[in-house]
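Trainee: I have a structure I would like to understand better, so I am pasting it below and will then ask my questions one at a time.
Values in this text are rule-based calculations from the coordinates and carry no lab data. Just so it is clear, the structure is predicted and the values come from calculations on it, not from any experiment. Because the Cβ atoms are built from the backbone with ideal geometry, glycine has one as well, and the counts that use them run over all protein chains shown.
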Amino acid sequence: MWDAQTGQGVIDPLKGHNNCVTSAAFSPDGRHIVSGSSDWTVTVIEFSMPYTHGQNGMAEHGMRIIIEGTCCLLIDSGLPPSLWADAAVMVIYLCNFVPSARHPGIVPAEQWTGKWQDISHFRPFGCTAYAKILAEIGISKLLP
């Protein structure tokens, strides 16, 4: 889409339609665009202004869960803050095994795979772990 007065692009091309977009309209507050297509699809795009995080509630809520979970894992395990990325990956992985308030009773990992999820492999974050060195690598059992 482009500004009719200046000819400058306003937003990227509208996505979500299989045919030509036949109509588009801005909401009075400027936060939404509704577009319609000749394939009878309607798409609503919601904008948030830069640096106004409160306008993007769902994303901010998800980020808060990840950040708070990361802090909890690091504090509980006693590991240094330099391992924040590993802790964040663990929080995201665990979130895929917990039903959300929006979809109670449905575990995201089960919905994606269509299979019951086994959680017997879960261990506390930061626990002692051992790596098995395969014999194919050629390291002798007698080496220290």
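Trainee: Only one of (1) of a type outside the set (S, T, N, Q); (2) surrounded by fewer than 14 Cβ atoms within 10 Å (Cβ to Cβ); (3) assigned to a helix (DSSP H, G or I) fails for Arg102. Which number is that?
Mentor: Status for Arg102: all satisfied but (3).
Trainee: For the stretch 105-116, how many residues are in contact with a helix residue (DSSP H, G or I) (Cβ under 8 Å, 6 or more places away or on another chain) and surrounded by 13 or more Cβ atoms within 10 Å (Cβ to Cβ)?
Mentor: Just the residues of the stretch 105-116 that are in contact with a helix residue (DSSP H, G or I) (Cβ under 8 Å, 6 or more places away or on another chain), to begin with: 108, 116.
Keeping just the survivors that are surrounded by 13 or more Cβ atoms within 10 Å (Cβ to Cβ) gives 108.
So the count comes out to 1.
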